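Each reported figure results from applying straightforward, stated rules to the coordinates on display, with no laboratory input. None of the values given here were measured: they were computed from a predicted structure. Quick reminder, even Gly has a Cβ in these numbers, built from the backbone with ideal geometry, and neighbours come from all protein chains shown.
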Amino acid sequence: DAGITQSPRYKITETGRQVTLMCHQTWSHSYMFWYRQDLGHGLRLIYYSAAADITDKGEVPDGYVVSRSKTENFPLTLESATRSQTSVYFCASSEGWGDTEAFFGQGTRLTVV
Amino acid sequence: AQSVTQLGSHVSVSEGALVLLRCNYSSSVPPYLFWYVQYPNQGLQLLLKYTTGATLVKGINGFEAEFKKSETSFHLTKPSAHMSDAAEYFCAVSASGGSYIPTFGRGTSLIVHP
């Protein structure tokens, strides 16, 4: 099915562990984004990518790493998870940017204990 | 730099009443403006957007928004609320000529009472 999928949907991990959140889109959209959603903060951009092998930092990149070796995949890695990274993470993609809409995955709820 | 302010983290209305969700933006260049809706345990989906042209924009599910440059606003309205409208609503701005990356507001939770 066409769309954007995130995995896992739910994840519990321990402080200090590395964890990777996956994002896959089937549209071949050029642009992909990672946001985190926290109560009182709305959506904050972590990283974005304009094309394969092109990534850049967003508003809150510290503690996160991304890669984009293929257009359709945009994994987000927490190198050493901290409790402050407990959040809901959304991946999104868009065909262009500026006047084009973003399509969002269903989110990954990550709890760091 | 661009930013978005959504007034009111929660808005409560009765079923059948007017829905008004407020959004003000700041942008040094003409903006592109969006409203997204998020239902529980789901991702965001587009309600409507303003790019250029007609300032009154109609979206899905009976929602509409009006771009008012003089007031730097893009408020979302619906004449008659339904129970199914209960959700989180996000306003977003993407500025032409500047940063194209969408910046989101903090969201407004719409509560609909029977």
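Key figures for this structure:
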| item | result |
| --- | --- |
| Over region A:17-76 - Rg/Rh using Cα atoms and the Kirkwood inverse-distance radius | 0.97 |
| Ellipsoid semi-axes in whole angstrom, largest first, where each is sqrt(5λ) of the Cα gyration tensor of chain A | 22, 14, 13 |
| Peptide-level mean, for A:85-95, of C-beta atoms on other protein chains within 10 Å | 1 |
| For region B:63-103: rounded, prolate or oblate by the Cα gyration tensor [a/c cutoff 1.5] | oblate |
| Peptide B:100-109 - average C-beta neighbours from other chains (10 Å radius) | 6 |
| Low-density loop positions, GluC sites (Glu not before Pro), region A:72-113 - DSSP coil, at most 13 other Cβ in 10 Å | A:GLU79, A:GLU95 |
| Pair-distance profile P(r), taking every C-alpha pair of region A:74-113, with 10 angstrom steps and integer % | 26, 41, 25, 8 |
| Area projected by the alpha carbon convex hull of the protein assembly as shown, averaged over all directions, nm² | 12.5 nm² |
| Neighbour count of at most 16 Cβ within 10 Å plus DSSP loop: longest trypsin sites (Lys or Arg not before Pro)-free window in chain A | A:18-69 |
| Alpha carbon centroid spacing (whole Å) that separates region A:58-113 from region B:43-114 | 23 Å |
| Interatomic Cα distance distribution for chain B, bins of 5 angstrom, percent | 2, 13, 24, 26, 19, 10, 5, 2, 0 |
| Cross-link pairs beyond the 28 Å C-alpha cut-off, checked among A:LYS57/B:LYS69; A:LYS11/B:LYS78; A:LYS11/A:LYS70 | A:LYS57/B:LYS69; A:LYS11/B:LYS78 |
| In region A:19-52, chymotrypsin sites (Phe, Trp or Tyr not before Pro) in a DSSP loop with at most 15 other beta-carbon atoms within 10 Å | A:TRP27 |
